[in-house]
Amino acid sequence: MRTVPRKTSRPRTGIADVVVVGAGHSGLAMSHRLNELAIRHVVLERGDVAHSWRTERWDSLRLLTPNWMSCLPGAEYDGPDPDGFMNMDEIIDFISAYAEKNQAPVHTGTTVLGVEPHTSGYTITTDRGDWQARAVVLASGACNEASVPACAQDVPDSVFQITSKDYKSPAQLPDGGALVVGASATGLQLAQEIHASGRPVTLAVGEHVRMPRRYRGRDVQWWMLASGLLDQCIDDVDDPVRVRRLPSPQLIGSPEHATLDLNALTAMGIRLAGRLAGIRNGKAQFSGSLRNVCSLADLKMRRMLNTFDDWATTSGVLDNGAPAVELEPTRIGNGVPLGLDLGSGEIRTIVWATGYRPDYSWLKVPVLDRKGQLQHDGGVVAPGLYALGLPFLRRRKSSFMHGAGDDVRDLSNHLLTYLDQCAARPASQVAFASSA
Amino acid sequence: MQTQPTSAKPTNANNGVNVEALLGAREALTQAPEAARFKWRASSEWLNGTHGRTTIDKFFGLGEEQQHRVSFQFDTDHPQIFASEDNGATPVEMVLVGLAGCLTAGIAAVAQNRNIQLRSVKATLEAGMDIQGILGIDSDVRNGFDGIKVHYDIDADASADDIASVVAQSQKRSAVFDIITNPTDVTVTVA
């Protein structure tokens, strides 16, 4: 995999119109746009370009979107396998090549320690000096920390615990059974490969999003994009809070284009349990709601596929395409476990695939709600402060690579207006404190 | 992935649920989460044998003491095959009362919110229980239900999938469903 040379010759501290925090695909897409607009900016990156992809993903992970969807402003996939799914090395190369091609002003190895309001914008403190900027773009990712439920502290010491953020491969795990907690793309992918490694898996399943990899001869992501679902705006959904918290759909990017759902897992011998409700006296307790969460997911999937069918009919796009098919409901057998003795030796490992959250501990601006969530209006956080790359930031596709372009365009336009206003006013009037 | 139910529905369903008030409460309580903390209360008194009477009267919510319109009383007892007088439903049947009441209320509210007109909603509930548990015959048998089956017959202006979706959403939002399917910390004290 490619390593972008560290630009140690650049000044370590200084003044910029915009500081972008994070050199992943979102931050680099914004940098590309700021270059087009000739806005003076730097991109501060704690590690190397695409740092999270290099260090915080498991070995077998591939993107959930096909290669032809892997595009960023001014860059498209031009490799030999448009329907394939990028592995980690390919993603890192794609993002690194993008940074190089754009000559993005990335300061690697620069960890942001604080962002706070300043009389004419923000002060950005790093481990390699401070920056002053009119505006800051938070592009530091949505998956900085693994979210682990509080009951993890009640797990007996004899059980090895690991989060999906630290998990690389089954080789890290002791032999014996594993409990995988969480039924997003992450939970299902890890359950599958851990079980295949000879470690019998029990999967704790809460609310989840089911979808087939392919439908009527096309990738499901094609359907979501073509039918307009991925372009759906946050203003057009009934419950913005809920859609922003949705787990990733149960998908895997594999050369076989296989569907990865709970039926595929039970067919290989994985045992399903309900949501992990708690751990008491060394015993894991599972909710009795498994049937309902599966039926919710089956019904929602059918609704989504119906909207695809309706759209295909209306648009005439698939006149000669494969017919609509009914997918088998999720099979739940009898004897779903409600409890599991974690001290019996049956379970040697717990893998927490219970989601991620961004880390904003360095953000010294009063923009977090009582639950620590970033408050923003479509990525506009505060005057001169923007966020990118978060789930459903502005659109359903916002957290995907191909979703960065539209968000960057919208937010850079807002940013441009803001910078123009700054230039037209005395510095003292644009401080965060006076305008908030 | 949330896509809204698509089947044709009347534009003015009326199931007798004031959804605007519920949505308004949701909005208000999002801004004032302290007011969302409720305390539900019951007081009970032993009468004779396995016969007891529980009274429901006051509760706490929206930051202050509240009171039901009238006080409600529920007698519980055991059937005569348990050598009891059968002066009321068994306590475990009262659990089914709670579950049915909660899920059905939820169905009405969700259907109203989705503009689905209900004509009839009937549920039958059955809970399995091996009484070797409560009699202490076999310590491997739990005291409580070994499973609950709820069956709904619903007549409504909606497709089968949309009705199933209302029932699923009702379970998802149901307090009693949650209480039954997830563990709850119980503290019992004696004065």
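Consider the range B:36-51 and keep the residues that are outside any strand (DSSP E or B) and under 18 Å from the mean Cα position of the chain (by Cα). The one that is farthest from B:Phe72 (Cα to Cα) is B:Phe38. Annotation note: Cβ proximity below 8 Å between a residue of the range A:205-234 that is under 18 Å from A:Gly253 (Cβ atoms) and within 11 Å of chain B (Cβ to nearest Cβ) and a residue that is surrounded by fewer than 19 Cβ atoms within 10 Å (Cβ to Cβ) and among the hydrophobic types (A, V, I, L, M, F, W, C) (sequence gap 6+ or interchain) occurs for A:Val209/A:Leu246; A:Val209/B:Met1; A:Met211/B:Met1. Taking the criterion of being crowded, with 23+ Cβ neighbours inside 10 Å and out of contact with any Lys or Arg (no Cβ under 8 Å at 6 or more places or on another chain), the residues of the range A:186-205 that qualify are A:Thr186, A:Gly187, A:Leu188, A:Gln189, A:Leu190, A:Ala191, A:Ile194. Each residue in the range A:80-118 was checked for being under 20 Å from A:Arg33 (Cα atoms), of a type in the set (A, V, I, L, M, F, W, C) and in a loop (DSSP other than H, G, I, E, B), and 1 of them qualify.
Filter the range A:271-315 for residues that are in contact with a Pro (Cβ under 8 Å, 6 or more places away or on another chain) and among the charged types (D, E, K, R); which is farthest from the other protein chains (Cβ to nearest Cβ)? Only one residue fits best here, namely A:Arg271.
Against the criterion of being without any contact (Cβ under 8 Å) to a residue 40 or more places away in the chain and crowded, with 19+ Cβ neighbours inside 10 Å, A:Ala277 qualifies. Answer yes if at least one residue in the range A:357-375 is of a type in the set (Phe, Trp, Tyr) and under 24 Å from A:Leu276 (Cβ atoms), and no otherwise. No, there is no match, as no residue in the range A:357-375 is of a type in the set (Phe, Trp, Tyr) and under 24 Å from A:Leu276 (Cβ atoms).
If you go through the range A:395-424 and keep only what is closer than 25 Å to A:Ile92 by Cβ and in a loop (DSSP other than H, G, I, E, B), you end up with A:Lys397, A:Ser398, A:Ser399, A:Phe400. Listed conditions (1) assigned to a strand (DSSP E or B); (2) of a type in the set (Lys, Arg); (3) at pLDDT below 95 are all met by A:Arg370, apart from (1). Checked against the criterion of being of a type in the set (Lys, Arg) and modelled with pLDDT of 95 or more, the range B:125-142 contains not a single residue that satisfies it.
The values are calculated or read from the model by the stated rules, or taken from the named source; none is laboratory data. These figures come from a predicted structure and were not determined experimentally. Positions of Cβ are generated from backbone atoms using ideal geometry, with glycine treated the same way; all protein chains shown enter the neighbour counts.
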